[in-house]
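What follows is a single structure, written as structure tokens, with notes after it.
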Amino acid sequence: MKLIVWDFDGTLADSRALIVAGMEHALTGLGLTDRPGLREEWLRYVGLPVEEGLERTFAPLGLDPVEVLKVYRTFDWMANEYLLVPFPGMDALVRELHEKGIPMAIASSKRGLPLRRQVETFGWLPCFNPLITPDEVRFGKPHPESLEICLAAHGLKPDQALMVGDTPFDLEMANRAGVPSVAVGHGFYGREALEACGPRAYAPDVPALRDILLAMVTP
């Protein structure tokens, strides 16, 4: 493999606390904090562009996802980004791969401005090229467009790259693009749901992921 394409939230960065804080802000503003099962349903769609996640969560309840999005976006995301941190050991792994000369990219459902700000906060900007977000594509995950752009940027064929992600949406995107994938278990989905998507390997934690990646990629 000559390129690793990473998802960001739930794969490189532990963003659960930040996402849950934003959800609670929205549910409070909408008067929905007592709705049973709503939080769990919403979390099922983490990994999709936020608009689609809201559509799948709230439209079946007869609520307007556009209005939900307005409330969701009043949360002060930047002030709460201290809640978002790399998974333990991930910073060292990213830097090790970069130092070994292994090209890496990010394909995320997070918008471009916060993604670039957060990647820069971690000191990772030199490690990833390109950073693909919903701002750069017509179709979000699980459509393969994000991966296709990453491949084109490096002049590679699908079987020369590897997708690393924590959601079925990441792995389905990889399948549609013909790109092998590795599933990580420290994000938003359990092993059974991920392995149902046919990844080449499953990593329960960062040390296991390191072993898998170093065995699979070539600088």
In terms of the Cα gyration tensor, with a ≥ b ≥ c the square roots of its eigenvalues, is the range 1-49 rounded because a/c is under 1.5, prolate because a/b exceeds b/c, or oblate?
prolate
According to the Kirkwood expression over distinct Cα-Cα pairs, how big is the hydrodynamic radius of the range 143-219, in Å?
12.5
In the chain, lysine pairs 8 or more places apart or on different chains with C-alpha atoms under 23 Å apart total 8
Return D64, D91, D170 ranked ascending by Cβ neighbour count within 10 Å, so the fewest neighbours appear first.
D64, D91, D170
Extension gain from R95 to A196, taking 0.36 nm per residue of separation minus the Cα-Cα distance
33.3 nm
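Once a ≥ b ≥ c are taken as the square roots of the eigenvalues of the Cα gyration tensor of the range 16-80, is the result rounded (a/c under 1.5), prolate (a/b larger than b/c) or oblate (a/b not larger than b/c)?
The shape class here is rounded.
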For N129 and L83 in one chain, what is 0.36 nm times their gap in residues minus the Cα-Cα distance, to one decimal in nm?
14.1 nm
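What does the charge count near L213 come to, summing +1 for each Lys or Arg and -1 for each Asp or Glu among other residues with Cβ under 12 Å from its Cβ?
+1
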The range 142-219: relative contact order as a whole-number percent, Cα under 8 Å and 6+ apart:
24
Please give, to one decimal in nm, the separation of the simple spin-label points placed at T28 and D159, each 7 Å out from Cα toward the Cβ.
5.3
In the chain, helical segments from DSSP H whose Cα atoms cover 20 Å or more along their own axis and that average at least 0.5 on the Kyte-Doolittle scale are 16-30
Sorted by mean Cβ packing within 10 Å, highest first, what order do the peptides 105-113, 181-189, 19-27 take?
181-189, 105-113, 19-27
Highest GNM mean-square fluctuation, the chain, Cα pairs closer than 10 Å: which of T11, T167, T121?
T121
Restricting to DSSP H runs of at least four residues, report the calculated mean residue ellipticity at 222 nm for the chain, -39500 (n - 2.57) per run over all residues, nearest 500 deg cm²/dmol.
-12500 deg cm²/dmol
Taking Cα atoms of the chain, Rg/Rh with Kirkwood Rh, to two decimals?
0.96
What ranking, highest mean first, results for peptides 29-36, 77-84 when packing means the other Cβ atoms within 10 Å averaged over each residue?
77-84, 29-36
For the range 140-213 and the range 36-90, compute the distance between their C-alpha centroids and round to whole Å.
22
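Quick note: the coordinates plus some simple rules give every number you see, no bench work behind them. Nothing here was measured: the structure is a model prediction, and the numbers come from that model. Ideal geometry is used to build each Cβ from the backbone, glycine not excepted, and the neighbour counts take in all protein chains shown.
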